[in-house]
Amino acid sequence: MSSKIVIVTGASAGIGAATAIRLAKEFSGIVLVARRESELQTTAKAVTWAGAEALVIATDLRQPEAADLVVRETVKAFGRIDAVVNIAGAVPQIHLFDMTDEQWNDGAEMKLHGARRLTIKAWPYLKEAKGSVIFTSGSSAQEPKPAFAAVATINAAIVAVAKAFAEQGIIDSVQVNSVLPGPVMSNRRVGFLQKWSDANTMTVEEAKTKFLEDAGIERYGKPEEIAELMAFLLSPGARWLTGAALRMDGGEIKGL
Ligand SMILES: NC(=O)c1ccc[n+]([C@@H]2O[C@H](COP(=O)([O-])OP(=O)(O)OC[C@H]3O[C@@H](n4cnc5c(N)ncnc54)[C@H](OP(=O)(O)O)[C@@H]3O)[C@@H](O)[C@H]2O)c1
(Lines give C-alpha, C1' and ligand atoms only; values in the text may rest on other atoms or scores of the structure.)
Protein backbone atom coordinates (compact mmCIF):
# COMPACT_ATOMS: atom_id res chain seq x y z
CA MET A 1 0.00 0.00 0.00
CA SER A 2 1.24 3.52 -0.80
CA SER A 3 1.80 5.92 2.09
CA LYS A 4 -0.97 8.27 1.08
CA ILE A 5 -3.19 10.34 3.33
CA VAL A 6 -6.84 11.27 2.81
CA ILE A 7 -9.12 13.59 4.81
CA VAL A 8 -12.76 12.46 4.85
CA THR A 9 -15.37 14.80 6.32
CA GLY A 10 -18.73 13.52 7.54
CA ALA A 11 -16.93 10.35 8.60
CA SER A 12 -19.11 9.75 11.69
CA ALA A 13 -22.08 8.37 9.72
CA GLY A 14 -23.59 7.27 6.41
CA ILE A 15 -21.72 7.93 3.17
CA GLY A 16 -18.74 9.51 4.94
CA ALA A 17 -18.18 6.57 7.29
CA ALA A 18 -18.55 4.06 4.43
CA THR A 19 -16.10 6.06 2.29
CA ALA A 20 -13.50 6.32 5.06
CA ILE A 21 -13.62 2.55 5.61
CA ARG A 22 -13.50 1.80 1.86
CA LEU A 23 -10.50 4.11 1.32
CA ALA A 24 -8.52 2.21 3.96
CA LYS A 25 -7.77 -0.31 1.18
CA GLU A 26 -5.76 2.28 -0.78
CA PHE A 27 -4.67 4.97 1.69
CA SER A 28 -2.33 4.38 4.61
CA GLY A 29 -3.80 7.19 6.75
CA ILE A 30 -7.44 8.30 6.97
CA VAL A 31 -8.33 11.54 8.78
CA LEU A 32 -11.89 11.34 10.08
CA VAL A 33 -13.72 14.65 10.54
CA ALA A 34 -17.19 15.39 11.99
CA ARG A 35 -18.59 16.74 15.28
CA ARG A 36 -19.46 13.53 17.19
CA GLU A 37 -16.27 12.06 18.62
CA SER A 38 -17.72 8.71 19.78
CA GLU A 39 -19.17 7.96 16.31
CA LEU A 40 -15.85 8.96 14.72
CA GLN A 41 -14.09 6.51 17.07
CA THR A 42 -16.41 3.74 15.82
CA THR A 43 -15.41 4.54 12.22
CA ALA A 44 -11.75 4.71 13.32
CA LYS A 45 -11.93 1.14 14.66
CA ALA A 46 -13.29 -0.11 11.32
CA VAL A 47 -10.61 1.84 9.42
CA THR A 48 -7.86 0.33 11.58
CA TRP A 49 -9.35 -3.11 11.11
CA ALA A 50 -9.32 -2.51 7.33
CA GLY A 51 -5.58 -1.84 7.51
CA ALA A 52 -5.05 1.95 7.67
CA GLU A 53 -4.10 4.36 10.43
CA ALA A 54 -6.97 6.58 11.62
CA LEU A 55 -6.81 10.11 13.01
CA VAL A 56 -9.99 11.46 14.60
CA ILE A 57 -10.64 15.21 14.51
CA ALA A 58 -13.93 16.19 16.14
CA THR A 59 -14.82 19.67 14.96
CA ASP A 60 -17.70 21.74 13.64
CA LEU A 61 -16.99 22.63 10.01
CA ARG A 62 -19.28 25.69 10.27
CA GLN A 63 -16.53 27.35 12.30
CA PRO A 64 -14.03 29.13 10.01
CA GLU A 65 -11.09 27.97 12.19
CA ALA A 66 -12.01 24.27 11.71
CA ALA A 67 -10.31 24.05 8.29
CA ASP A 68 -7.05 25.31 9.76
CA LEU A 69 -7.28 22.83 12.64
CA VAL A 70 -7.93 19.84 10.34
CA VAL A 71 -5.04 20.66 8.01
CA ARG A 72 -2.63 21.47 10.87
CA GLU A 73 -3.40 18.24 12.77
CA THR A 74 -3.22 16.14 9.59
CA VAL A 75 0.17 17.53 8.61
CA LYS A 76 1.44 17.18 12.20
CA ALA A 77 0.44 13.49 12.27
CA PHE A 78 1.24 12.40 8.70
CA GLY A 79 3.31 15.17 7.04
CA ARG A 80 1.25 15.24 3.83
CA ILE A 81 -2.24 15.39 2.27
CA ASP A 82 -3.01 13.43 -0.89
CA ALA A 83 -6.78 13.78 -1.02
CA VAL A 84 -9.71 15.61 0.54
CA VAL A 85 -13.17 14.06 0.32
CA ASN A 86 -15.79 16.61 1.40
CA ILE A 87 -18.89 14.66 2.43
CA ALA A 88 -20.21 16.42 5.57
CA GLY A 89 -23.62 17.94 4.98
CA ALA A 90 -26.71 18.74 6.97
CA VAL A 91 -28.81 21.22 5.00
CA PRO A 92 -32.36 21.11 6.41
CA GLN A 93 -35.13 19.91 4.11
CA ILE A 94 -37.66 22.67 4.73
CA HIS A 95 -40.19 24.13 2.30
CA LEU A 96 -39.07 27.19 0.35
CA PHE A 97 -41.72 29.36 2.02
CA ASP A 98 -40.90 28.22 5.56
CA MET A 99 -37.12 28.31 5.65
CA THR A 100 -35.57 31.21 7.58
CA ASP A 101 -32.49 33.19 6.53
CA GLU A 102 -30.70 31.67 9.52
CA GLN A 103 -31.44 28.12 8.31
CA TRP A 104 -30.30 28.96 4.76
CA ASN A 105 -27.07 30.49 6.05
CA ASP A 106 -26.41 27.64 8.48
CA GLY A 107 -26.82 25.04 5.71
CA ALA A 108 -24.51 26.92 3.35
CA GLU A 109 -21.97 27.64 6.10
CA MET A 110 -21.61 23.93 6.78
CA LYS A 111 -21.87 22.16 3.46
CA LEU A 112 -20.60 24.77 0.98
CA HIS A 113 -18.22 26.99 2.94
CA GLY A 114 -16.96 24.22 5.23
CA ALA A 115 -15.85 22.24 2.17
CA ARG A 116 -14.55 25.30 0.33
CA ARG A 117 -12.44 26.49 3.30
CA LEU A 118 -10.99 23.03 3.95
CA THR A 119 -10.06 22.58 0.28
CA ILE A 120 -8.31 25.97 0.19
CA LYS A 121 -6.33 25.28 3.40
CA ALA A 122 -5.30 21.83 2.11
CA TRP A 123 -4.51 23.09 -1.42
CA PRO A 124 -0.73 23.74 -0.99
CA TYR A 125 -0.31 20.14 0.26
CA LEU A 126 -2.58 18.76 -2.49
CA LYS A 127 -0.52 20.68 -5.05
CA GLU A 128 2.70 19.25 -3.65
CA ALA A 129 1.28 15.70 -3.71
CA LYS A 130 -0.49 16.11 -7.11
CA GLY A 131 -3.55 15.11 -5.18
CA SER A 132 -7.32 14.95 -5.54
CA VAL A 133 -10.48 16.53 -4.14
CA ILE A 134 -14.06 15.30 -4.21
CA PHE A 135 -17.06 17.46 -3.30
CA THR A 136 -20.37 15.80 -2.43
CA SER A 137 -23.39 17.48 -3.97
CA GLY A 138 -26.68 15.61 -4.57
CA SER A 139 -29.02 14.76 -7.44
CA SER A 140 -31.41 17.47 -6.13
CA ALA A 141 -28.99 20.01 -7.70
CA GLN A 142 -30.38 18.96 -11.08
CA GLU A 143 -34.06 18.89 -10.11
CA PRO A 144 -34.84 21.52 -7.43
CA LYS A 145 -38.27 21.29 -5.74
CA PRO A 146 -40.01 23.67 -3.28
CA ALA A 147 -39.84 21.04 -0.51
CA PHE A 148 -36.03 21.02 -0.53
CA ALA A 149 -35.04 24.24 -2.26
CA ALA A 150 -32.08 25.00 0.02
CA VAL A 151 -30.61 21.50 -0.34
CA ALA A 152 -30.90 21.76 -4.13
CA THR A 153 -29.50 25.30 -4.30
CA ILE A 154 -26.52 24.56 -2.06
CA ASN A 155 -25.85 21.31 -3.95
CA ALA A 156 -25.87 23.24 -7.24
CA ALA A 157 -23.43 25.76 -5.74
CA ILE A 158 -21.16 22.89 -4.74
CA VAL A 159 -21.02 21.63 -8.33
CA ALA A 160 -20.10 25.17 -9.42
CA VAL A 161 -17.38 25.68 -6.83
CA ALA A 162 -15.95 22.21 -7.60
CA LYS A 163 -15.74 23.20 -11.26
CA ALA A 164 -13.88 26.39 -10.32
CA PHE A 165 -11.42 24.39 -8.16
CA ALA A 166 -11.00 21.91 -11.04
CA GLU A 167 -10.00 24.73 -13.39
CA GLN A 168 -7.35 25.89 -10.90
CA GLY A 169 -6.40 22.22 -10.47
CA ILE A 170 -5.43 21.96 -14.15
CA ILE A 171 -2.74 24.58 -13.44
CA ASP A 172 -1.75 23.10 -10.08
CA SER A 173 -2.00 19.34 -10.90
CA VAL A 174 -4.89 18.73 -8.50
CA GLN A 175 -7.80 16.59 -9.72
CA VAL A 176 -11.24 17.86 -8.61
CA ASN A 177 -14.68 16.32 -9.14
CA SER A 178 -18.11 16.35 -7.56
CA VAL A 179 -20.37 13.40 -6.82
CA LEU A 180 -24.18 13.70 -6.86
CA PRO A 181 -25.79 10.87 -4.91
CA GLY A 182 -29.48 10.12 -5.33
CA PRO A 183 -31.59 8.72 -2.45
CA VAL A 184 -29.17 6.75 -0.27
CA MET A 185 -30.41 5.00 2.88
CA SER A 186 -28.55 6.80 5.68
CA ASN A 187 -29.68 8.43 8.95
CA ARG A 188 -30.28 11.61 6.99
CA ARG A 189 -32.61 9.77 4.60
CA VAL A 190 -34.44 8.05 7.50
CA GLY A 191 -35.02 11.47 9.13
CA PHE A 192 -36.35 12.84 5.86
CA LEU A 193 -38.72 9.88 5.41
CA GLN A 194 -39.98 10.25 8.99
CA LYS A 195 -40.80 13.90 8.37
CA TRP A 196 -42.37 13.10 5.03
CA SER A 197 -44.52 10.30 6.51
CA ASP A 198 -45.82 12.63 9.26
CA ALA A 199 -46.70 15.32 6.71
CA ASN A 200 -48.55 12.82 4.52
CA THR A 201 -50.16 10.82 7.39
CA MET A 202 -48.60 7.51 6.44
CA THR A 203 -46.24 5.08 8.18
CA VAL A 204 -42.51 5.31 7.58
CA GLU A 205 -42.66 1.99 5.70
CA GLU A 206 -45.40 3.39 3.43
CA ALA A 207 -43.36 6.57 2.93
CA LYS A 208 -40.32 4.49 1.94
CA THR A 209 -42.30 2.73 -0.79
CA LYS A 210 -44.13 5.87 -1.95
CA PHE A 211 -40.87 7.82 -2.24
CA LEU A 212 -39.36 5.11 -4.46
CA GLU A 213 -42.48 5.06 -6.67
CA ASP A 214 -42.42 8.86 -7.02
CA ALA A 215 -38.68 8.86 -7.75
CA GLY A 216 -39.17 6.10 -10.33
CA ILE A 217 -36.35 3.95 -8.97
CA GLU A 218 -36.16 0.31 -7.91
CA ARG A 219 -34.45 0.75 -4.52
CA TYR A 220 -32.47 3.11 -2.29
CA GLY A 221 -28.73 3.32 -2.74
CA LYS A 222 -26.31 2.10 -0.07
CA PRO A 223 -23.59 4.32 1.42
CA GLU A 224 -21.08 1.64 0.34
CA GLU A 225 -22.08 2.11 -3.30
CA ILE A 226 -21.26 5.83 -3.19
CA ALA A 227 -18.02 4.92 -1.38
CA GLU A 228 -17.05 2.72 -4.37
CA LEU A 229 -17.49 5.70 -6.70
CA MET A 230 -15.34 7.85 -4.39
CA ALA A 231 -12.63 5.14 -4.41
CA PHE A 232 -12.74 4.94 -8.20
CA LEU A 233 -12.36 8.72 -8.52
CA LEU A 234 -9.26 8.61 -6.33
CA SER A 235 -7.72 5.66 -8.20
CA PRO A 236 -4.88 6.13 -10.73
CA GLY A 237 -7.13 4.91 -13.56
CA ALA A 238 -9.48 7.89 -13.04
CA ARG A 239 -6.77 10.55 -13.00
CA TRP A 240 -7.78 12.18 -16.30
CA LEU A 241 -11.34 12.50 -15.00
CA THR A 242 -11.47 16.03 -13.61
CA GLY A 243 -14.01 18.86 -13.51
CA ALA A 244 -16.81 16.29 -13.73
CA ALA A 245 -20.09 16.07 -11.80
CA LEU A 246 -20.94 12.39 -11.47
CA ARG A 247 -24.47 11.38 -10.54
CA MET A 248 -25.14 7.99 -8.93
CA ASP A 249 -28.88 7.80 -8.32
CA GLY A 250 -30.33 4.49 -9.51
CA GLY A 251 -31.78 6.34 -12.52
CA GLU A 252 -33.77 8.89 -10.50
CA ILE A 253 -33.06 11.91 -12.73
CA LYS A 254 -34.67 11.15 -16.09
CA GLY A 255 -33.31 14.16 -18.00
CA LEU A 256 -29.98 14.32 -19.84
N1 LIG B 1 -28.39 10.17 1.86
C2 LIG B 1 -28.84 10.72 0.73
O3 LIG B 1 -29.86 10.31 0.18
C4 LIG B 1 -28.06 11.83 0.07
C5 LIG B 1 -28.48 12.26 -1.20
C6 LIG B 1 -27.80 13.29 -1.83
C7 LIG B 1 -26.70 13.89 -1.20
N8 LIG B 1 -26.32 13.46 0.03
C9 LIG B 1 -25.18 14.14 0.66
O10 LIG B 1 -24.23 13.19 1.09
C11 LIG B 1 -23.57 13.68 2.27
C12 LIG B 1 -23.64 12.64 3.36
O13 LIG B 1 -24.99 12.38 3.62
P14 LIG B 1 -25.49 11.15 4.52
O15 LIG B 1 -26.78 10.75 3.97
O16 LIG B 1 -24.40 10.16 4.72
O17 LIG B 1 -25.82 11.96 5.87
P18 LIG B 1 -25.59 11.62 7.42
O19 LIG B 1 -25.64 10.15 7.64
O20 LIG B 1 -26.55 12.51 8.14
O21 LIG B 1 -24.12 12.15 7.65
C22 LIG B 1 -23.82 13.52 7.62
C23 LIG B 1 -22.40 13.71 8.09
O24 LIG B 1 -22.10 15.12 8.10
C25 LIG B 1 -21.53 15.44 9.38
N26 LIG B 1 -21.82 16.82 9.74
C27 LIG B 1 -23.03 17.42 9.82
N28 LIG B 1 -22.90 18.67 10.27
C29 LIG B 1 -21.58 18.87 10.50
C30 LIG B 1 -20.82 19.97 11.00
N31 LIG B 1 -21.39 21.13 11.33
N32 LIG B 1 -19.47 19.83 11.11
C33 LIG B 1 -18.88 18.66 10.77
N34 LIG B 1 -19.54 17.58 10.30
C35 LIG B 1 -20.87 17.69 10.17
C36 LIG B 1 -22.22 14.46 10.33
O37 LIG B 1 -21.44 14.27 11.50
P38 LIG B 1 -21.74 14.89 12.94
O39 LIG B 1 -23.22 14.92 13.12
O40 LIG B 1 -21.02 13.95 13.85
O41 LIG B 1 -21.12 16.26 12.90
C42 LIG B 1 -22.20 13.18 9.51
O43 LIG B 1 -20.97 12.55 9.60
C44 LIG B 1 -24.26 15.00 2.64
O45 LIG B 1 -23.51 16.06 2.14
C46 LIG B 1 -25.59 14.91 1.92
O47 LIG B 1 -26.14 16.16 1.60
C48 LIG B 1 -26.98 12.45 0.68
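The values are calculated or read from the model by the stated rules, or taken from the named source; none is laboratory data. If you're wondering where the values come from, they're calculated on a predicted model, not measured in any experiment. Note that we place each Cβ from the backbone using ideal geometry, even for glycine, and neighbour counts take in every protein chain shown.
Remarks
Here is a yes/no grid of residues against (1) at pLDDT below 95; (2) aromatic (Phe, Trp, Tyr); (3) not assigned by TED's automatic domain parsing to the domain that holds Val84:
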residue	(1), (2), (3)
Trp196	yes, yes, yes
Asn200	yes, no, yes
Lys210	yes, no, yes
Asp214	yes, no, yes
Ala227	no, no, no
Ala231	no, no, no
Ser235	no, no, no
Arg239	no, no, no
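- Given (1) surrounded by fewer than 23 Cβ atoms within 10 Å (Cβ to Cβ); (2) part of a strand (DSSP E or B); (3) of a type outside the set (Val, Ile, Thr), index of the condition Phe135 fails: (1)
- Among the residues of segment 91-119, those identified as in contact (Cβ under 8 Å) with a residue 12 or more places away in the chain and either part of a loop (DSSP other than H, G, I, E, B) or among the polar types (S, T, N, Q) (or both) are Val91, Pro92, Gln93, Ile94, His95, Leu96, Phe97, Met99, Gln103, Thr119.
- Filter result for Ala88 (part of a helix (DSSP H, G or I), touching a residue at least 24 places away in the same chain (Cβ under 8 Å) and either small (Gly, Ala, Ser) or not assigned by TED's automatic domain parsing to the domain that holds Ala238 (or both)): no
- Residue selected from segment 179-194 under the condition more than 17 Å from Ala18 (Cβ to Cβ) and either over 25 Å from the mean Cα position of the chain (by Cα) or crowded, with 16+ Cβ neighbours inside 10 Å (or both), by the criterion nearest to the ligand (Cβ to nearest atom): Phe192
- The set of residues in segment 204-251 that are in contact with a helix residue (DSSP H, G or I) (Cβ under 7 Å, 6 or more places away or on another chain), farther than 30 Å from Glu26 by Cα and basic (Lys, Arg) contains only Lys208.
- Check on Ala11, of a type in the set (Gly, Ala, Ser), within 13 Å of the ligand (Cβ to nearest atom), surrounded by 15 or more Cβ atoms within 10 Å (Cβ to Cβ) and in the same structural domain as Phe232 (by TED's automatic domain parsing): yes
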